[in-house]
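Have a look at the structure below before the remarks.
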Amino acid sequence: MDRRYVPGTYTCYHFAAEVWKDLTSIDLSAEIHDIFANVHLSKEHVKRFHILATPVSPCLVVMQRGRTVPHIGVYKDGGILHIHGHGVEYQNVPTATRGFPYVRYFTCKN
């Protein structure tokens, strides 16, 4: 929770990958970075992730406004843990996803 958002250096995708690895022991750094670099999910991403209709703990939460770079967090125990310019926050789903018309939940295929 002591992490700081640094544009271009430590962003929400770095934080989400770090949290995911801590919770599951699976390193998704490269996959999460690719999602942000490409702004959308490619066929390769779909092969690596399973899209969920509703969140399960833990899962990745991808929040997006149109075709902009998505924001990402980790759903855990009813809330979303994510980082932004104001720091790390653990918020309920409606608060964390406010302003994002596209919200999708993913888990990693083993």
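Only residues that are touching a residue at least 24 places away in the same chain (Cβ under 8 Å) and either in contact with an Asp or Glu (Cβ under 8 Å, 6 or more places away or on another chain) or not in a helix (DSSP H, G or I) (or both) were counted in segment 21-31, giving 2. Screening the candidates V69, V103 for the property of being surrounded by 14 or more Cβ atoms within 10 Å (Cβ to Cβ), touching a strand residue (DSSP E or B) at 6+ places or on another chain (Cβ under 6 Å), within 18 Å of F49 (Cβ to Cβ) and of a type in the set (A, V, I, L, M, F, W, C) yields one hit, V103.
Selection of segment 53-104 for residues being closer than 20 Å to S25 by Cβ and either among the small types (G, A, S) or in a strand (DSSP E or B) (or both) yields S57, C59, L60, V61, I72, G73, V74, Y75, K76, L81.
Can you name the residue in segment 10-40 that is among the polar types (S, T, N, Q) and more than 20 Å from Y90 (Cβ to Cβ) and is also modelled with the lowest pLDDT among such residues? Going through the qualifying residues, I end up with N38.
The values are calculated or read from the model by the stated rules, or taken from the named source; none is laboratory data. Keep in mind that this is a model prediction, so the values were computed, not measured. Because the Cβ atoms are built from the backbone with ideal geometry, glycine has one as well, and the counts that use them run over all protein chains shown.
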